[in-house]
Amino acid sequence: MSTMPVLALHGGAGTIRRDLMTAERKAAYHAGLRAALEAGHAILRDGGTALDAVTATVMALEDDPLFNAGRGAVYTSDGTHEMDAAIMSGTDRACGAVAGICGPRHPVLAARAVMETTGHVLLTGEGARRFCREAGLEHADPSWFATPERRASLEAEMARRASGIPDDGDDARRHGTVGAVALDIHGHLAAATSTGGMTAKKPGRVGDSPIFGAGTWADDRTCAISATGHGEIFIRHAVAHEIDARMRLAGQSLATAAHDVVAEIAPFGGSGGLVAIDAKGNVALPFNCSGMYRAWTGPDGRIHTAIYSDED
Ligand code: ASP
C-alpha cells in the first residue's frame, strides 16, 4: 500500500499580537516553520516512517530559539527549565514521554527512547534525567536552552503578578509548544509534541503535551494529534482522545471533531489549538485564539506556512 505522505506541525498558539510582530520577526517564524516541515517531509518523501518524520520535525523546532521547546524553552517561576515531550505511533499505540527534564538537547529523543527501550510510557524528574544520561542522548548546558527573550518574559510575568496588574492577554509570550503529525506512505500515523510549558509555571508542573489523550495522540484507525495551549484545560477535556472518540464511535470527520472540540474548550479558558491528520491524509489545523504558528503539506505536496489566517 502506498499513501501520499502528509505532514503538519505547530509552533504554539495563543493571542499572537500583531502590534508586537515586526516584518522581520514574522519572516523568521515563517522560515523556521518551513525548515522544520522540510526536515520531516524529506523523510516521508523518501519512504521513511511517520515516526521518523515527526521526530525530525520536532528536533528542528527544538533547536530553533523562536519556539518554546528545547533551545528557547520558557522558564519556571524558579528561573529554571523543565521540559516535557511525547511521541506516539499510530500503528500499535506505542508511546513514550518525559516530563520536567532539563538536559537532553532534544527532549523528543528522550521520549522516543522511553517508548523504544523501557516498556514504560512516562518518566519524570531525577529518574528521567538519569535515564537520558544512560541512554547516551546528547546533552546541553542550561545556557543552551536560555534566551534573553524568555528571561524577559519571566521577569515581566513575575513583575505583573507581584504588582497585581491584570494580564495583557498576550499569552503567546507566556506559552507555546511545538508538535508534528504525519502520515507515511505505508499508511501509518504518528505524533510528537515538545514544550517548555508555560512561563513562570510552578516547578513540578506538568502540562498536556506528555499526557497521551490530552496533548498528544496517534491511532492509525482515526488520527494523529499534537496540541498547544493552556495545558490544564486540555488535560481536563482529554482533548486529543475526545477527537479520536468522536471519529471512532460517532463516525465524525476529523474536521468536524477537531474544530468542535477546540471551540468547546474555549469558554473554559482552553485557549489554543492543534494540528491533526486522519488516516486518509486529511489535515485539520483548528485554533480558538488569534493565531497558531503552523505549517503543513497540501494535497499537491506543496508546503504552506501560516501564523494568523491561512494566508498570513
Ligand atoms: N500546552 C503547553 C503546556 O500547557 C503549553 C502550550 O502549548 O502553549 O505545557
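Values in this text are rule-based calculations from the coordinates and carry no lab data. These figures come from a predicted structure and were not determined experimentally. Here the Cβ is made from the backbone with ideal geometry for all residues, glycine too, and neighbour counts use every protein chain on show.
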*Which of MET292, MET158, MET21 moves the most in a Gaussian network model of the chain with Cα springs under 10 Å?*
MET21
*So what's the projected area for the chain, the Cα convex hull averaged over all directions, in nm²?*
14.8 nm²
*Hypothetical label at ARG133: residues of the stretch 77-113 whose amide nitrogen lies under 15 Å (7 Å Cα-Cβ projection)*: 101-105
*Could you give the size of the charge dipole of the chain about its Cα centre, using +1 on the Cβ of each K and R and -1 on the Cβ of each D and E, expressed in debye and rounded to the nearest 20?*
320 debye
*Tell me, which longest segment in the chain has none of the GluC sites (Glu not before Pro) that fall in DSSP loops with at most 12 further Cβ atoms within 10 Å?*
139-310
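Rounded, prolate or oblate: which one fits the stretch 176-216, using the alpha carbon gyration tensor with axes a ≥ b ≥ c (rounded when a/c is under 1.5, else prolate when a/b beats b/c, else oblate)?
Details: a/c = 5.18, a/b = 2.72, b/c = 1.90.
In terms of gyration-tensor shape, prolate.
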*For the stretch 178-186, what does the Karplus curve 6.51 cos²θ - 1.76 cosθ + 1.60, with θ = phi - 60°, yield as ³J(HN,Hα) per residue in whole Hz, taken in order and with x for Gly and Pro?*
10, x, 8, 10, 8, 10, 9, 5, 8
*Among the trypsin sites (Lys or Arg not before Pro) in the stretch 271-312, which ones are in a DSSP loop with at most 13 other Cβ atoms within 10 Å of the Cβ? Mind listing them?*
LYS280, ARG302
*Just grab the label-to-label distance for ILE165 and SER143, each label 7 Å out from Cα along the Cβ direction, in nm (one decimal).*
3.1 nm
*Please give the per residue volume of the convex hull enclosing the alpha carbon atoms of the stretch 163-298, rounded to a whole number of Å³.*
106 Å³
*At q = 0.10, 0.23 Å⁻¹, what is the log10 ratio I(q)/I(0) for the stretch 1-122, with the Debye formula run over Cα points and no solvent?*
-0.36, -1.35
*Could you give the spread of the C-alpha atoms of the stretch 28-97 along their three principal axes, from largest to smallest, in whole angstroms?*
43, 32, 12
_Dipole of the stretch 207-312, positive end: most advanced residue of GLY273, ILE243, GLY207 [Cβ charges, Cα centre]_ = ILE243
*Return the sequence-ordered ³J(HN,Hα) values of the stretch 32-48 in whole Hz as given by the Karplus equation 6.51 cos²θ - 1.76 cosθ + 1.60 applied to θ = phi - 60°, using x for Gly and Pro.*
x, 5, 5, 4, 5, 5, 4, 4, x, 5, 4, 5, 5, 4, 7, x, x
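Over the stretch 30-86, what is the relative contact order in percent, taking alpha-carbon pairs closer than 8 angstrom and at least six residues apart?
On the way: 54 pairs, mean separation 12.6, N = 57.
Relative contact order here is 22 percent.
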*Among GLY79, GLY136, GLY176, determine the one that fluctuates most according to a GNM of the chain built with springs between C-alpha atoms less than 10 Å apart.*
GLY136
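If the chain between SER77 and HIS186 were fully stretched, how many nm would it gain, using 0.36 nm times the residue separation less the Cα-Cα distance? Please list the in-between numbers first.
On the way: separation 109, 0.36 × 109 = 39.24 nm, distance 4.43 nm.
Difference between extended and current length: 34.8 nm.
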*Could you work out the helix-only [θ] at 222 nm for the chain, with each DSSP H run of four or more residues adding -39,500 (n - 2.57) and the total divided by the number of residues, to the nearest 500 deg cm²/dmol?*
-11000 deg cm²/dmol
*Taking a spot 7 Å from the Cα of THR3 along the direction of its beta carbon, which residues of the stretch 78-94 have an amide N less than 11 Å from it?*
90-91
_Pairwise label distance in nanometres, THR22 with SER253, each label 7 Å out on the Cα-Cβ vector_ = 4.2 nm
